[in-house]
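What follows is a single structure, written as structure tokens, with notes after it.
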Amino acid sequence: MPSYIQKYKAAAVVSEPAWFDLEAGVQKTIALINEAGQAGCKLIGFPETWIPGYPYWLWKINYMQQLPMIKLYRENRMRVDSDEMRRIRKAARDNHIFVSLGFSEIDYATCYLAQVMIDPNGEVINHRRKIKPSHVEKLVYGDGSGDTFMAVTDTDIGRLGQLNCWENMNPFLKSLNVSCGEQIHVAAWPLAPGDAMRTYPDTATNTAEQWADLITPAYAIETNAWTVARFQRISHEGIKKNTPPGVEPEAHPEHYNGWGRIFAPDETCVAKADKDFDGLLIADASPRSYWQALIP
């Protein structure tokens, strides 16, 4: 077994994105990286499509209502080789921290649900795209390519892996990560309501409650990996920004909030966000305990 830093702080971002605003999103990302660095964290993970926010309105309104929002959304996506990404990479380097960042990537004419893992030198050591957008996400995003499957990178804080949304319950992708010896998993989740807002025929696995308290701990205990689950949250103002003219805004943002979690390899929840939590969810992680949780 390689020599790893045996114990360190890991942070999960549980916060509201800068909706439809690339520059504000980059600034907030850098501010949170700086905050994590000042807190002594070695790893920080951001939610799925943190920049420029997850387009949850795809699930709420019809296609004709979505068109102006899709246009604005695409105008605020980010390229992996952009100046904006270079600023984020510099923040990782300045704070000597690993950064798992979810963002809406544009490559030529196609958008992707993308992730990068940035090391403390500011280098991108893993760049992947969600292999298959879920349901209505296909209106905005394209499929990931073959190299998307590789999500685990060996580092001095352990073998770090990352997946987007439903990928965290995909048996093939979990098995692949296990075969790569994943020790710390960063599970990127978007914005979603709890069970209280679920209506037929929507399935239970489409709610944040199941993602946070069923699927994420299942990932931890099945793979024996520390699992850092980061979620977006939303405010009344955020709901207004995500609601087109002529549609009544939702009245209860609290149903979308409070789902961030960090689980140890034995499924113990070591950090949990409540409904009012907004910021960095921090816990101590140890690659060594990955082996302690394995079945003899």
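Computed from the coordinates by the stated procedures, all read-outs in this text should not be read as laboratory data. Owing to the predicted nature of the structure, the values given are computational and were not obtained by experimental measurement. Every residue, glycine among them, receives a Cβ derived from its backbone with ideal geometry; neighbour counts consider all protein chains shown.
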Say a paramagnetic label sat at a point 7 Å from the Cα of residue 156, along Cα to Cβ; which residues of segment 100-124 have their backbone N under 17 Å from it? 118-124
Hz values of 3J(HN,Hα) by residue in segment 274-281 - Karplus curve (6.51, -1.76, 1.60), Gly and Pro given as x: 9, 4, 9, 5, 8, x, 9, 8
Rounding to the nearest 10 and keeping the result within 0 to 90°, find how far the Cα-based axis of helix 63-75 lies from the longest principal axis of the chain. 50 degrees
Provide the packing ranking of 167-176, 204-213, 91-100, 78-87, i.e. peptides ordered by the mean count of other C-beta atoms within 10 Å per residue, highest first. 91-100, 204-213, 167-176, 78-87
What nm value, rounded to one decimal, do you get for the distance between residue 27 and residue 248 when each label is placed 7 Å out toward the C-beta? 3.5 nm
What's the extension gain from residue 125 to residue 221 if we count 0.36 nm per residue and subtract their Cα-Cα distance? 32.0 nm
So for the chain: antiparallel DSSP bridges make up what percent, rounded to the nearest 5? 55 percent
Hey, got a sec? Which trypsin sites (Lys or Arg not before Pro) in segment 24-71 land in a DSSP loop and have at most 16 other Cβ atoms within 10 Å? 60
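Multiply the residue separation of residue 235 and residue 199 by 0.36 nm, subtract the distance between their alpha-carbon atoms, and state the gained length in nm to one decimal.
10.8 nm
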What's the FRET efficiency of residue 284 with residue 64 using the Cβ-Cβ distance as r and R₀ = 35 Å, to the nearest 0.05? 0.10
Tell me the angle of helix 83-95 to the major Cα principal axis of the chain, expressed in degrees between 0 and 90 and rounded to the nearest ten. 40 degrees
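Could you tell me which of the pairs 60/90; 132/275; 9/132; 28/60 are separated by over 28 angstrom between their Cα atoms in the structure shown?
In this structure, 60/90; 132/275; 9/132 exceed 28 Å between Cα atoms.
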Would you mind putting 185-194, 231-240, 132-141 in packing order, based on average other-beta-carbon counts within 10 Å, highest first? 185-194, 231-240, 132-141
Cα-based helix-to-principal-axis angle, 22-38 vs the chain, degrees rounded to 10: 30 degrees
